[in-house]
1. Among the numbered criteria (1) under 17 Å from the mean Cα position of the chain (by Cα); (2) closer than 14 Å to residue 199 by Cβ, which one does residue 42 miss?
2. Would you confirm whether any residue within the range 100-121 is on the phi < 0 side of the Ramachandran plot, in contact with a helix residue (DSSP H, G or I) (Cβ under 6 Å, 6 or more places away or on another chain) and either surrounded by fewer than 17 Cβ atoms within 10 Å (Cβ to Cβ) or assigned to a helix (DSSP H, G or I) (or both)?
3. If you check every pair at least six apart or on different chains, which have Cβ atoms under 6 Å apart with a residue in the range 202-227 that is hydrophobic (A, V, I, L, M, F, W, C) first and a residue that is assigned to a helix (DSSP H, G or I) and surrounded by 13 or more Cβ atoms within 10 Å (Cβ to Cβ) second?
4. On the given criteria, is residue 65 in contact (Cβ under 8 Å) with a residue 60 or more places away in the chain, in contact with a helix residue (DSSP H, G or I) (Cβ under 9 Å, 6 or more places away or on another chain) and small (Gly, Ala, Ser)?
5. Could you please let me know if residue 34 is free of Cβ contacts under 8 Å to residues at least 40 places away in the same chain, out of contact with any Lys or Arg (no Cβ under 8 Å at 6 or more places or on another chain) and either more than 26 Å from residue 172 (Cβ to Cβ) or not basic (Lys, Arg) (or both)?
6. Please give the strands (runs of 3 or more DSSP E) falling wholly within the range 125-216 in which 3 or more residues are within 21 Å of residue 72 (Cα to Cα).
7. Which numbered condition in (1) in contact (Cβ under 8 Å) with a residue 40 or more places away in the chain; (2) more than 28 Å from residue 191 (Cβ to Cβ) is the only one that residue 116 fails?
8. Kindly indicate the residue of the range 1-38 that is under 24 Å from residue 220 (Cβ atoms), at pLDDT 90 or above and over 17 Å from the mean Cα position of the chain (by Cα) and also surrounded by the fewest Cβ atoms within 10 Å (Cβ to Cβ) among those meeting that condition.
Amino acid sequence: MILLSLESSTDSSSVAIWQDTKILAHQFVEAKYGHAERIVMQAEAVLSQAKIKISDIDYFIGGRGPGSFTGIRTCLAAVIGFSIVADTPCFGINGLSALGFACSASLKNTDIQNDKLVVLAISDTRRGSFYCQEFKAENMIPSDIEDLTLPKLYEKINALAKSGFLIRMCGALSEDTLKFDDTLEKRELVQYSRYSLAATDIAHYAAWQIENGRELSPATPLYLAPPNINQPKKPLS
């Protein structure tokens, strides 16, 4: 099985090719703007690097958010376009789930052996709150995405800590943004890793879902709130 994955819901654009448990080629560009002009060229570059033809791809996978309204649309438009050209299925992946899955998978390579382990994938809504999705170690199945203010996020973390969970948080935020302080009652149980979502994470999570017979989402945007579109300053005449 060969997957071509794309991701541009954040301040970066990335493309990866996955085959049989490993990434054959990938490209990651950190830049706030220019995703639409760049991402197709990135896909062409990784196809060339991996010596894979577009007709060899079994699935085209795109990150569907949550994240930048424009970035999500750019990514999925490219995925759908490739799918039409190759006459091959395409799907969308929840970026928070891919992030939480990547963090959970990385913990398997550590000496943490605790059934009471929870991973929280976090992203900034840019509306004064945070999206949060929870993974429990025993099943790797994500919870529903929550939209939490910082105090509510602290409440969630404290409740988990009081129940004896080790909490591992991940996301592309600084600790200054999350403002970890004495509000966390059992700070020693909480660890945060700064991690930027990439197409490699989208590919690994999509492959895991396919291999485990899970139903993938369509290549449509995952909008958890209406897009923030600036209104015209004056009525249009």
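1. Here residue 42 clears every test but (1).
2. Yes, because at least one residue in the range 100-121 is on the phi < 0 side of the Ramachandran plot, in contact with a helix residue (DSSP H, G or I) (Cβ under 6 Å, 6 or more places away or on another chain) and either surrounded by fewer than 17 Cβ atoms within 10 Å (Cβ to Cβ) or assigned to a helix (DSSP H, G or I) (or both).
3. Cβ pairs passing all conditions: 202/98; 216/209; 219/76; 219/79; 219/80.
4. Yes, satisfied.
5. Answer is yes for this residue.
6. 130-136
7. Going through the list (1) in contact (Cβ under 8 Å) with a residue 40 or more places away in the chain; (2) more than 28 Å from residue 191 (Cβ to Cβ), residue 116 breaks only (2).
8. Applying the filter and picking the extreme gives 1.
The values are calculated or read from the model by the stated rules, or taken from the named source; none is laboratory data. The model shown is predicted, which means the values in this text are computed figures rather than measured ones. Backbone-built Cβ (ideal geometry, glycine too); neighbour counts: all protein chains shown.
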